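Have a look at the structure below, then the notes.
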Amino acid sequence: MDEILNNPNNSGENQLEINNLEQNKLIQNNIVIEILNQANALYFQQDYQGAIEAYEKFLTLGQGDWVTYHNLGYAYKQRGDYYWGINAYYRGLVFYPDNLQLYKIIIGDLFSYGYTEEAKLLAAKALEIFPEDYHLLSAFYLSLPQFYGSTEEVEFHRQRFAQGLQKFINSFDLETETGLNLALQATYTANFNLLCQGKGDRYLNQIFGNFVHQVVNKIYPQWTKELSTPPLTSTGKIKIGYLSNTMHPGGLFTLIVGWIRNANRDKFEIYCYYTGNRSKDYHDLFDPLCDYTYELPYNLELIAQQISQDQLHILVLTTIGMEPLMTPLAALRLAPVQCTTWLHPVTTGLPNVDYFLSSELMESPEADLHYAEKLVRVKGVGLSCGELTSKQYSTKPRSTYNFPEDKILYLSAQSIFKYLPEYDYVFPEIIQRVPQSQILFIASTVNQVIAQKFTKRLEIVFAQYGLDFHKHCRILPLLNTEDYANLFRLSDIFLDTFSWSGGSTTLHALYSNLPIVTCPGKLARGRYSYGMLQRMGLTETIANNEAEYIEIAVRLGLDTQWRQQVSDRILPLHKKLGDSEDSIQYLEEFYQQLIREKLGYGC
């Protein structure tokens with residue numbers, strides 16, 4: 001042994017081996033780094049398949065940071081491999097078990113793909129590490145499915161949400177600065193999926209609305225106190241402001257853009273506040289229509305400062321509950337009168353929102369009970385939009401889309417979250433009696449995983465009637481504007497949804513002269529199509545119940561002559577849905593009466 005240790009030649013050989021080993025490691029590391037750089041380059045070039053291959057090769061040679069797993073997961077999802085995408089995030093979580101971002105991404109994806117229970121379990125685990133993160137608290141206590149497999153699931157999740165809502169609120173200590181700041185972030189929670197259950201939501205929204213009001217009142221007392229009504233402008237005008245993130249062509253706000261376009265400018269001074277990201281479209285559309293247009297950053301304090309500075313008489317906040325920032329903003333008192341509209345079809349539950357501007361034709365007689373705000377039944381349908389698009393497209397033949405030439409095409413083009421399982425049976429009932437027909441659905445606003453779950457649910461119902469769902473139905477992918485317009489023109493009959501009817505989709509159908517079958521519910525969001533058809537006098541396709549709905553749909557499918565008669569009647573009535581003068585006049589008279597009373601001018 002001593003000879004070996006004392007042999008200088010042997011020592012040199014050992015040193016050479018060490019040097020070679022270190023050099024090999026260096027070469028290996030350089031190769032690994034080169035592969036990672038290549039993967040990142042391909043990722044940012046949106047070559048997602050190439051990025052996947054490079055990232056996976058890199059991970060066989062070494063361990064990436066959490067961003068590597070994020071990019072790999074995102075690349076898989078962009079290729080439509082949703083499960084592999086989540087798997088990549090989970091692989092990252094194995095090496096980085098304390099990474100909050102990975103938890104949030106996985107939880108969000110699980111909810112998006114309809115795995116609600118798995119998402120809540122992971123949120124519970126993450127809360128053990130991050131007990132004060134409001135995203136995780138919201139995910140655990142408030143998140144709801146956007147898709148239900150059965151009617152029983154709806155009631156289960158609703159009860160759990162009601163219990164979780166109070167626990168969520170109790171998670172924040174409003175007596176400490178830290179607790180208040182966390183609670184303020186929590187007010188940005190907008191649980192849109194509550195609307196998808198087809199139930200009255202006033203009680204639950206008021207609980208959350210009172211919590212939001214309590215939080216902003218403690219943080220921004222200067223913006224929650226009651227305001228005196230300012231005098232009219234030097235020219236005797238009422239100052240009215242509209243706040244939204246959808247003030248651009250195709251945005252939800254365009255359904256009421258006529259309220260601004262046709263405003264009496266001798267009596268009203270119009271302010272528009274935009275928080276979206278389509279600057280040019282906003283200014284092109286609204287600069288000619290308004291006295292003042294503001295494009296504001298997505299910041300509560302800056303928005304509140306600008307609106308307060310303008311000393312409005314009336315502020316209309318249009319998308320409370322859809323845009324997270326709008327909820328705490330609407331809890332403030334930025335104008336003596338604050339309103340919201342039916343663009344988001346549910347009460348806000350917020351104490352500082354005074355009026356809900358709806359439609360006399362869309363509200364049931366008992367509808368006042370559905371709102372925490374005072375309900376204003378605007379004349380007609382309330383909307384004022386004109387044509388949805390000014391661009392005209394040539395109609396393509398059915399063969400372009402592989403639609404059958406010899407079948408009656410029923411179109412049901414709603415977002416999948418609007419389809420409650422209790423009404424699934426309606427579709428095979430119609431097909432059974434009109435066998436030479438096909439129903440077209442559209443995978444709107446969801447991923448393919450939810451579309452597959454929806455397909456599976458309908459497959460089961462159709463099988464109970466001895467029918468093959470795939471023979472009689474198609475779920476179309478998301479379509480571009482031109483193909484979407486053609487879809488309505490090539491169809492024969494429009495099937496409205498029950499608990500949440502069409503709004504802009506119904507308008508598309510009417511502007512395509514497509515007969516609409518609808519059955520109004522008790523809540524306004526189930527009565528949009530009903531109100532539009534009432535306005536146009538097209539009441540023969542309005543059903544009183546599900547059985548009548550099926551009868552009308554079947555008759556339209558079998559009776560070609562009657563279907564054509566209904567279609568022919570629609571075109572001359574389009575003007576009744578455009579810039580409705582009576583709706584605008586009623587609304588402006590309401591505004592004027594309100595401000596006269598506040599200023600003590602009498603009636």
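Computed values, structure above
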| item | result |
| --- | --- |
| Residue match in region 502-512 (condition: modelled with pLDDT of 95 or more and either open to solvent by less than 10 Å² (accessible area, probe 1.4 Å) or over 25 Å from the mean Cα position of the chain (by Cα) (or both)) | no |
| So I314, is it at pLDDT 95 or above and either touching a Phe, Trp or Tyr at 6+ places or on another chain (Cβ under 7 Å) or not aromatic (F, W, Y) (or both) | yes |
| Residue within region 477-485 that is open to solvent by less than 10 Å² (accessible area, probe 1.4 Å) and either under 25 Å from P572 (Cα atoms) or not in a helix (DSSP H, G or I) (or both) present | no |
| R474, sole failed condition from (1) part of a helix (DSSP H, G or I); (2) of a type in the set (K, R); (3) closer than 26 Å to L558 by Cα | (1) |
| Selection count where residues are among the β-branched types (V, I, T) and under 30 Å from G380 (Cα atoms), scope region 217-258 | 7 |
| Some residue of region 177-184 being in contact (Cβ under 8 Å) with a residue 12 or more places away in the chain and touching a Ser or Thr at 6+ places or on another chain (Cβ under 8 Å) | no |
| Matching helices (runs of 4 or more DSSP H) fully within region 149-228 where at least 1 residues are of a type in the set (G, A, S) and over 23 Å from the mean Cα position of the chain (by Cα) | 177-186 |
| Any hit, region 78-94, residues being in contact (Cβ under 8 Å) with a residue 12 or more places away in the chain and farther than 25 Å from S143 by Cα | yes |
| Where L420 falls short, out of the listed (1) modelled with pLDDT of 85 or more; (2) of a type in the set (A, V, I, L, M); (3) in contact with a strand residue (DSSP E or B) (Cβ under 8 Å, 6 or more places away or on another chain) | (3) |
| Residues within region 450-469 that are of a type in the set (D, E, K, R) and in contact with a Gly (Cβ under 9 Å, 6 or more places away or on another chain), tallied | 3 |
| Counted residues, region 72-122 - those being more than 21 Å from G149 (Cβ to Cβ) and either open to solvent by less than 10 Å² (accessible area, probe 1.4 Å) or of a type in the set (K, R) (or both) | 14 |
| Unique residue being within 25 Å of the chain's Cα centre (by Cα), surrounded by fewer than 20 Cβ atoms within 10 Å (Cβ to Cβ), farther than 30 Å from R535 by Cβ and at pLDDT 95 or above when the list is P351, P324, P328 | P351 |
| Residue check, K522 open to solvent by 10 Å² or more (accessible area, probe 1.4 Å), among the charged types (D, E, K, R) and either at pLDDT 95 or above or touching an Asp or Glu at 6+ places or on another chain (Cβ under 6 Å) (or both) | no |
| Residue list for region 229-262, restricted to those being open to solvent by less than 20 Å² (accessible area, probe 1.4 Å), assigned to a loop (DSSP other than H, G, I, E, B) and in contact with a strand residue (DSSP E or B) (Cβ under 7 Å, 6 or more places away or on another chain) | M247 |
| Cβ-Cβ under 7 Å pairs, at least 6 apart or on other chains, region 505-527 side closer than 20 Å to I442 by Cβ and of a type in the set (F, W, Y), far side part of a loop (DSSP other than H, G, I, E, B) and open to solvent by 20 Å² or more (accessible area, probe 1.4 Å) | Y511/E387; Y511/L388 |
| Residue satisfying all of: in region 123-151; among the charged types (D, E, K, R) and modelled with pLDDT under 95; surrounded by the most Cβ atoms within 10 Å (Cβ to Cβ) among these | D133 |
| Selected residue [at pLDDT below 95 and within 28 Å of A183 (Cβ to Cβ)] from D81, D109 | D109 |
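This table checks each residue for (1) in contact (Cβ under 8 Å) with a residue 40 or more places away in the chain; (2) touching a helix residue (DSSP H, G or I) at 6+ places or on another chain (Cβ under 7 Å); (3) among the basic types (K, R); (4) at negative phi.
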{"site": "F156", "(1), (2), (3), (4)": "no, no, no, yes"}
{"site": "Q163", "(1), (2), (3), (4)": "no, no, no, yes"}
{"site": "A190", "(1), (2), (3), (4)": "yes, yes, no, yes"}
{"site": "Q197", "(1), (2), (3), (4)": "yes, yes, no, yes"}
{"site": "V212", "(1), (2), (3), (4)": "yes, yes, no, yes"}
{"site": "V215", "(1), (2), (3), (4)": "yes, yes, no, yes"}
{"site": "K218", "(1), (2), (3), (4)": "yes, yes, yes, yes"}
{"site": "P231", "(1), (2), (3), (4)": "yes, no, no, yes"}
{"site": "G251", "(1), (2), (3), (4)": "no, no, no, yes"}
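The values are calculated or read from the model by the stated rules, or taken from the named source; none is laboratory data. No experiment lies behind these values; they were computed from the predicted model shown. Here Cβ is always computed from backbone atoms with ideal geometry, including for glycine, and neighbour counts include all displayed protein chains. Surface accessibility is based on the protein's heavy atoms, side chains included, excluding ligands, DNA and RNA. Shrake-Rupley method; radii C 1.70, N 1.55, O 1.52, S 1.80 Å.
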